[in-house]
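For reference, the structure is listed below as structure tokens.
The values are calculated or read from the model by the stated rules, or taken from the named source; none is laboratory data. What you are looking at is a predicted structure, and each value in this text was computed from that prediction instead of being measured. Don't worry about glycine lacking a Cβ; one is built from the backbone with ideal geometry, like all the others, and counts go over all protein chains shown. Surface areas here come from the heavy atoms of the whole protein model, side chains and all, with no ligands, DNA or RNA. Shrake-Rupley method; radii C 1.70, N 1.55, O 1.52, S 1.80 Å.
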Amino acid sequence: MNDREHTRKLFWRWHKNPLRRRDDLIEAWIVLVVWTATVIGGLCGGLATVHAADAAFVQHRAELRPVTAVLVHDVPVSPSKRGTEADRLPAKVRWEAPDGSPRTGRTLVATGRAAGTGVTVWQDGDGALKTAPASPTEAAGSAAFLGILTGLAIVAVVQAVGAAVRSRLDRRRLDEWGREWETVGPRWGHRAA
């Protein structure tokens, strides 16, 4: 099969044909619109989400400042006795806000630390404790994941709408065939019981 025949076969619903019904042409346009919206909408929606999420992570990182805080009390060794950075417990810390006022609060600290030990905490412009911002690598991964989810959601919605429209078109076609059969069928003679 050459390219011209393949293209002709692929786009048969748009060619003049005595057997082509109006519904076939409508369905062809529906399929074209759905697939175009799927590709373009999914891609554009995903990319827009990646850029928006990345901008939000950059802004969040820019709004926070690391500051050294001091442990107010000892942090006991974890029950697992591993003493790794993954073992963290809430502890009371003291730090200085951007306006110079002293602040205290609770944050997660690695276990086995003595009172007076310095730990890095993150604060906003008002001096309130915040969780550490995502690293650029974590932010990029999260933004990519959100972009993929958005793209897939758009694809799912567009495909579902397309399937619903095509299902309604199929029901209409079956109803038309039923009406035509009721008209033509009796002229073919008697029916089998």
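Just a few scattered comments:
- Carbon plus sulfur fraction of accessible area for the chain, probe 1.4 Å, in percent: 62 percent
- Options (i) 23.4; (ii) 16.3; (iii) 17.0 - which one matches Kirkwood radius over Cα pairs in Å as calculated here: (i)
- Along the axis of the charge dipole computed for the chain (Cβ charges of +1 for Lys and Arg, -1 for Asp and Glu, origin at the Cα centre), the listed residues 127, 47, 185 are led at the positive end by 185.
- Residue-normalised accessible area of the chain, given per residue in Å² at a 1.4 Å probe: 71 Å²
- 5 angstrom amide H check on residue 105, placed H, neighbours 5+ away: 93
- Nearest 10 degrees, 0 to 90: helix 136-184 Cα axis against the chain principal axis: 20 degrees
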